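Some notes on the structure that comes next.
A short reminder: the numbers here are calculations on the coordinates, not readings from a lab. The shown structure was predicted, so the numbers you read here are calculated from the model rather than taken from an experiment. Counting neighbours? That spans all protein chains shown, and the Cβs are built from the backbone with ideal geometry, glycine included.
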Amino acid sequence: MRSLAWTAAVLANPRWRVDALERLGLRVPPVQPGAIWVHASSVGEVGAALGLVAHLPDPVLLTASSDTGLQVAREAAKARPGLAVGPLPADHPWMLAPLWAEARPRALVLVESAWWPGLVRIAGRSAVPVLRVSATAGARTRGLPTAALRWWLRGATRIFARDATSAEFFAAHQDAPVEVGGDLKASRPLPSPTLSWARPFVVGASTRKADELPLLEATQRLQGAPQLLLAPRHPQRFQRVASALDRSGCTWVRRSALGHVVPPAVDVVLLDSVGSLAGELRGARAVLVGGTFDPALGGHSPLEAWRAGVPVVCGPETGSHREAFRACRAAVAPSRGQLLEALAAAVPPPAAPPGPGPSLAEAVLSLAGPPAPERSPRPWARPLAPIVAGAQLLRGRAAAVEAYVVAVGSDNARGSGKTTVGRWVARALAERGHVVGVVVRGYRRVRPDRQTVFSDSDATAFGLGDEGALYARDGHVVAAGPDRLSGALGLVQRGVTAIVLDDGLQQRHVGADLRVEVVDLRFPAARGALPAGERRWTAASHVCVALGGHRAGAITATRTPGPWHLGRTPAKPPTGPVAVFAGLPRPADFLAVVDAPVAKFRALPNHGAVDAATALLLRQWADGLPLVCSARDHVRLPEELAAEVWWRDQVVNLERQLPLPGVRS
């Protein structure tokens with residue numbers, strides 16, 4: 001019932017429906033395992049989280065609850081491919097499971113007042129430390145009975161409170177160790193301003209209802225008649241503020257309708273975007289911090305204005321950040337009607353102290369453990385595992401062929417590196433003098449029938465599938481089709497002396513002389529048996545190749561990025577922001593080697609075909625940015641699009657050779 005309630009809540013909220021698949025756990029952002037998971041609720045908390053994330057090594061997963069906070073996080077991720085961003089799934093074990101299973105976090109970090117009991121319970125069961133940073137408690141939380149708070153807030157490992165007052169509160173209501181860690185908003189990187197003003201200007205930051213017009217009136221009466229930048233707290237208020245400005249009779253313009261210069265005739269600029277205010281504070285004559293006339297809020301943070309060196313003005317309600325307002329020498333207006341006097345009395349603040357970001361990042365890393373144990377991404381499917389296991393054993397008998405056969409595969413059905421190692425084996429056999437053929441299933445190829453297709457008649461992903469097309473691009477003869485024996489016999493007729501069976505440890509139709517099992521040590525148990533995880537039955541192997549670490553008795557292998565190409569030609573890497581698309585089992589692995597700011601990312605279906613219509617949509621989506629993809633994605637592209645897309649391959653290096661024979665004399 002709880003899962004149905006969460007589903008209904010997600011679908012009913014128009015601000016959540018945009019990311020409904022992620023919030024319901026049906027799709028996960030591209031994150032590498034072993035990430036530090038940082039969660040913040042809304043815009044302000046995400047800004048604080050960025051002050052910590054900037055000092056954490058990759059991989060990092062940053063989630064947000066609100067749609068506006070998610071926008072700010074995604075904007076920050078454009079310059080850092082190792083930062084995975086997504087909405088927090090609904091706080092239910094089934095919906096949290098896919099993202100948790102993919103991220104296998106080393107630590108869970110909750111920023112400011114964020115607290116999700118379901119997520120905390122999963123962390124506790126996985127022995128993952130739960131850390132609260134810049135922690136604070138709102139008025140409603142403080143009003144709850146102590147016993148209820150202890151029960152609700154149980155599960156934290158360590159608390160780094162924002163200030164001494166918050167630390168005292170948490171020490172009285174939680175059993176976890178508490179210390180003062182500072183306010184992370186003081187560590188958020190401040191971007192450069194994008195607006196150039198014709199006159200001095202004043203800023204209304206995170207303004208609330210009834211703040212804007214009194215501030216406008218005070219600004220117009222202030223000596224020098226400064227211009228005004230209004231930044232309402234919530235985007236749903238943009239239109240209402242615009243209507244109020246129309247009625248006021250002033251000359252105003254939306255930020256989205258401006259270039260970089262504010263004309264002298266404009267009285268007000270309405271900042272109608274989320275997360276861009278911090279970059280526009282420098283040089284302001286004064287900043288009114290919103291929420292400071294509302295006792296229920298206690299004011300928003302003045303730290304960004306303080307760090308920008310701008311005089312701060314506030315109302316009397318500063319309880320949420322009292323120490324920060326006092327330290328930056330904020331000018332207090334006892335009421336909205338006295339804003340003019342406060343603006344005139346505002347003085348530049350002293351130099352802001354260094355933020356706590358580096359020290360908190362060091363503390364988080366010292367408390368982080370190893371990656372969380374593997375968990376099933378689909379726990380609801382566990383009862384089906386015996387049925388799937390029994391079906392996998394219904395296989396035919398193997399037949400011998402007149403060639404040396406190497407079966408390369410894995411018990412992990414998803415993204416374990418099988419094809420990468422298979423391509424290494426095929427190259428090694430060719431170096432030993434063999435004419436190499438490769439048998440693939442042709443999974444998700446466009447060709448609809450079950451006929452075996454050979455690369456001497458069709459070397460494209462249309463007939464071979466993307467994996468077969470990669471082998472064909474490497475110069476090998478490829479047979480693609482569900483009948484593996486037919487493909488192998490056809491390759492022998494074409495004169496091959498060695499055959500690689502790609503993803504061949506499950507098949508029993510072609511006998512193998514050497515069986516190579518590939519294990520991705522990030523997911524050695526494949527997250528559980530199918531369909532709850534990806535582990536499937538495999539035949540016994542002769543050799544194990546371990547990717548991403550060391551395993552007793554296995555050959556250690558590492559994956560490294562290959563050279564860049566533009567179309568078919570080797571090229572220098574693309575410069576500037578790029579648009580990346582990937583139809584891979586784990587696109588985060590490719591994003592980690594892009595080596596360029598990723599302005600846009602689009603996940604395509606794994607193994608999915610790219611037709612002319614999809615190619616047109618990709619061009620439109622890129623909007624002039626260089627298109628970048630992996631080698632496996634590139635072989636699926638129509639020729640006219642493939643010629644203008646940058647791509648790079650991944651190659652595997654083995655610490656020692658496999659026992660592969662040369663050509664028999």
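For a quick check: with amide H placed at 1.01 Å from N, whose amide H comes under 5 Å from Val180's, ignoring anything fewer than 5 positions away on the same chain?
Ala161
For region 254-266, just list the computed ³J(HN,Hα) in residue order, Karplus coefficients 6.51, -1.76 and 1.60, θ = phi - 60°, integers in Hz, with x standing in for Gly and Pro.
Running phi through 6.51 cos²θ - 1.76 cosθ + 1.60 with θ = phi - 60° gives 6, 4, 5, 9, 9, x, 9, 10, 8, x, x, 6, 7 Hz.
Can you list residues whose amide H is under 5 Å from Leu229's amide H, if they're 5+ apart or on another chain and H is modeled 1.01 Å from N?
For Leu229, whose amide H was placed from the backbone, the distant partners under 5 Å are Val202, Val203, Gly204, Val269.
Mind sorting Ser273, Ser457, Ser541 by how few other Cβ atoms lie within 10 Å of their own Cβ, fewest first?
Lowest count first: Ser457, Ser273, Ser541.
When the Karplus curve 6.51 cos²θ - 1.76 cosθ + 1.60 is applied with θ = phi - 60°, which whole-Hz ³J(HN,Hα) does each residue of region 106-113 get, with x for Gly and Pro?
So the Karplus estimates, Gly and Pro as x, are 8, 7, 10, 10, 9, 9, 6, 9 Hz.
Can you put Ser243, Ser376, Ser410 in order of Cβ neighbours within 10 angstrom, beginning with the fewest?
Ser243, Ser376, Ser410
How large is ³J(HN,Hα), in whole Hz, for each residue of region 647-652 in order, when computed from phi with the Karplus curve 6.51 cos²θ - 1.76 cosθ + 1.60 and θ = phi - 60°, using x for Gly and Pro?
For region 647-652, the Karplus curve yields 8, 9, 8, 10, 10, 10 Hz.
Which option, (1) 79, 72, 57; (2) 77, 75, 41; (3) 97, 57, 43, is the value of Cα extents along the principal axes in Å that was calculated from these coordinates?
Label of the calculated value: (3).
Only sites in a loop by DSSP and with at most 13 other Cβ atoms within 10 Å count here; which trypsin sites (Lys or Arg not before Pro) in region 269-320 make the cut?
Taking region 269-320 and a limit of 13 other Cβ atoms within 10 Å, no loop trypsin sites (Lys or Arg not before Pro) are found.
Compute the separation of the alpha-carbon centres of region 533-567 and region 150-191 and state it in Å as a whole number.
Centre-to-centre (Cα) distance: 42 Å.
Just want the ordering: Ile36, Ile499, from fewest to most Cβ atoms lying within 10 Å of their own Cβ.
Least crowded to most crowded, the residues run Ile36, Ile499.
Take every Cα pair under 8 Å in the chain that's 6+ residues apart, average their separations, divide by the length, and report that relative contact order as a whole percent.
11
What is the distance in Å between the Cα centroid of region 584-651 and that of region 258-329?
With region 584-651 and region 258-329 each reduced to a Cα centre, they are spaced 41 Å.
What do you get for trypsin sites (Lys or Arg not before Pro) in region 360-425 restricted to DSSP loop and a cutoff of at most 13 other Cβ within 10 Å of the site's Cβ?
Passing sites in region 360-425 are Arg395, Arg397.
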